[in-house]
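Okay, so here's the structure we're looking at.
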Amino acid sequence: MLSEPCGSSLLLSLPYDIFAIVSWSLSPRDLCNLSLCCRSLCALMATEKVWLTRCEMMGILSHRDLIEWRKGVSSYKALCRFLICVEPLIGIWVHQNPELGNVVYVMPGFVSVVGCRIIPQELGPLGIEDGPILWAPVFEVVGNSDGSATFFLHGRDKGQDFFYPGSVKPVERACNVLLLEVETRQQENRDELLHSKSFAPLSDKDLRKVCRSNSGISRSQRVLGQNEAKVPFSRLGFCDRRKLLHVVTTQVRQKVPEWANGPLFPRLRDDEENFQKELVLLLERRSLLMHMYRHGGCQIDWKASPELSTDPSQMELSQIRKSLDHPSGFCISHSDDDSHTQYTKRKGLGGYFRDSLKHILGKSSSTNGSDAISKNGSSSSEHKHAQLHEFLRSDDTIRLALHAANVKLSSYRAWPNMHESRFALYKLPMRVPTADQDYAGLWGGTFGWPPGRPSTDKPGKALFFLLLSYEESQGQRNLIATKILEGTHYVLHPNGSAMFIVNIDEPSLDPFPFETDADSLPVNVKHAFIGEGIANGYGFRYPGSKPGSLFVFQNGLLAFIWKESRAILTLQRLNLQELLRKGERVPPLPPIANFSYLTKSYSNVFAGFPNNSTCLSSQRFGLPLR
């Protein structure tokens, strides 16, 4: 009589399809640990179907898209590794500035995720669904063949588009802040570099050129410092962080070649033939992009530059010294020379270190600001800024980095309280509609009736994006509509303010003032709730509110009406992925400002584009060009 299988033999005896179903209850870490048990399980865990099933369970891509993405990686296991890395990045990210709205939507590309900024704009003649929405690229996170992730920041300088390659730090699963940073690391081929003349040990004189001040630090202390814990980028003062970002982006940037100006993600599958052609172009673009990342492409002859690292995303400390030695090294432009106002600050190296020395001696006027943030987001005098030399001394190269972290943040009416001096984007939680929260999610619309398209008397209507969320307060359930984008010429309402708040447990008896919709069909009101809408209050930052009602229609549309003024804001649920796939791409801002625009502004800083064709598109959408 044959003995019944047990242990690993039991798993190996299962039919292949049954084992794939069993693997659904196992995490990727469990699957990897299972492969260490024996050779047979290792071979079973290496099969494609197990990891394809795991990729499907994540729900990021359809089965057809997973098959297409597999062509860009070595295995489904590598693809699963990449999807696990980028899954927390997908969603809506915002910043307080400019007040019109700074919305970056991270969505799947092709073996990548792409950060797309929605440009504040007016509604086009075709409406929201059929009219192309304007967007600009912010960054890409591209998957290598082994599933590791690579970071590319997008930016524009003097009419030329650039890539700014970097690394992706380990992504925290519950990340709510996306930071643009500079990280230090050891050169991989350090043993060979030590024999190179250009990488000889730094003298005290050289170190003084790089560090803000080496007063009181002996050579032995510097050697001991190598074994100390690394100083995080966030501990540097604002000026140091800004200057390091500027130096690194200036040195590692690479011109965008013509082949890279193609699509960043495939369009909708309404035309299968064109869709397949786009996939071929995307696959080729990704391969060339990764080749350019590893070898510097045709823009820089790395072999002819022995002082440069073999990794074009990194900078040697010798390069940092060269950048700091030039007085014009810190000419920081927050916008394109041709179409945006300039913010330029020039400071010689001597002045920079004099200020640093004053800061060390306690005579500085706190140019770095008091913005040190601990893990829980607190700020106090005990969290002192680190010196630049403390950040640089532990390693011999630096590079750009994307850091997705989880930080304790307070919020008010679903809008996070943001730190003004962090090069960061903040994630807005997207609630999936449920039976008791069926209006949660992203909505878009305009003022006026009928909804969806501009009228004859008002051809240009500002497009609003609102994030609807629920909050319980004093025993009642409130529906809060938070403004995240406003397409007016000059901002009317603070970014992150509540356009309206309604009590969904209290019905409204007010009648809807219109009888027909845009197609002259009768209006069918499903529900109506009492609430309050935004109004002029105690200045721009502290708006007041006035009573109104929210109406829910049978076709799924929403409309909020201010009772006194009879103004009406009509909304429809949005699918940003679909809108972006048929949208129109426009040039980005300079790299640092393109990631996080820190300057306070009440106008559309994203609207002025240098090329004529885009300007025509902007005028069609009623964008306020400057």
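Data overview
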{"read-out": "Hits in the range 130-162 - residues which are of a type in the set (Asp, Glu) and within 17 Å of Pro263 (Cα to Cα)", "value": "Glu140, Asp161"}
{"read-out": "Sole exception among (1) closer than 30 Å to Ser27 by Cα; (2) in a helix (DSSP H, G or I); (3) open to solvent by 10 Å² or more (accessible area, probe 1.4 Å) for Phe82, by number", "value": "(3)"}
{"read-out": "Test: residue in the range 560-573 that is assigned to a strand (DSSP E or B), among the aliphatic types (A, V, I, L, M) and surrounded by fewer than 17 Cβ atoms within 10 Å (Cβ to Cβ)", "value": "no"}
{"read-out": "Every residue from the range 170-189 that is closer than 12 Å to Arg399 by Cα and modelled with pLDDT under 95", "value": "Val182, Glu183, Thr184, Arg185, Gln186, Gln187"}
{"read-out": "Count of the range 94-129 residues which are part of a strand (DSSP E or B), within 18 Å of Tyr597 (Cα to Cα) and open to solvent by 10 Å² or more (accessible area, probe 1.4 Å)", "value": "1"}
{"read-out": "Boolean, Gln577 is touching a residue at least 60 places away in the same chain (Cβ under 8 Å), over 18 Å from Lys461 (Cβ atoms), within 35 Å of the chain's Cα centre (by Cα) and open to solvent by 20 Å² or more (accessible area, probe 1.4 Å)", "value": "yes"}
{"read-out": "Some residue of the range 457-468 being closer than 18 Å to Leu571 by Cβ and at pLDDT below 90", "value": "yes"}
{"read-out": "Test for Phe621: is it modelled with pLDDT of 95 or more, within 29 Å of Gly91 (Cα to Cα), buried (at least 21 other Cβ atoms within 10 Å of the Cβ) and not hydroxyl-bearing (Ser, Thr, Tyr)", "value": "no"}
{"read-out": "Hits in the range 503-537 (condition: open to solvent by 30 Å² or more (accessible area, probe 1.4 Å), closer than 18 Å to Trp562 by Cα, part of a strand (DSSP E or B) and not hydrophobic (A, V, I, L, M, F, W, C))", "value": "Glu506, Pro507, His527, Glu532"}
{"read-out": "Candidates Val231, Val280 - the one that is closer than 21 Å to Val113 by Cα and at pLDDT 75 or above", "value": "Val280"}
{"read-out": "Selection within the range 540-559 - under 31 Å from the mean Cα position of the chain (by Cα) and either surrounded by fewer than 16 Cβ atoms within 10 Å (Cβ to Cβ) or in a strand (DSSP E or B) (or both)", "value": "Phe540, Arg541, Tyr542, Gly556, Leu558, Ala559"}
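The values are calculated or read from the model by the stated rules, or taken from the named source; none is laboratory data. The structure presented is a predicted model; accordingly, all values stated were derived computationally and were not measured. Neighbour counts run over all protein chains shown; Cβ positions are idealised from the backbone, glycine included. Note: areas computed on protein heavy atoms with side chains; ligands, DNA, RNA excluded. Shrake-Rupley method; radii C 1.70, N 1.55, O 1.52, S 1.80 Å.
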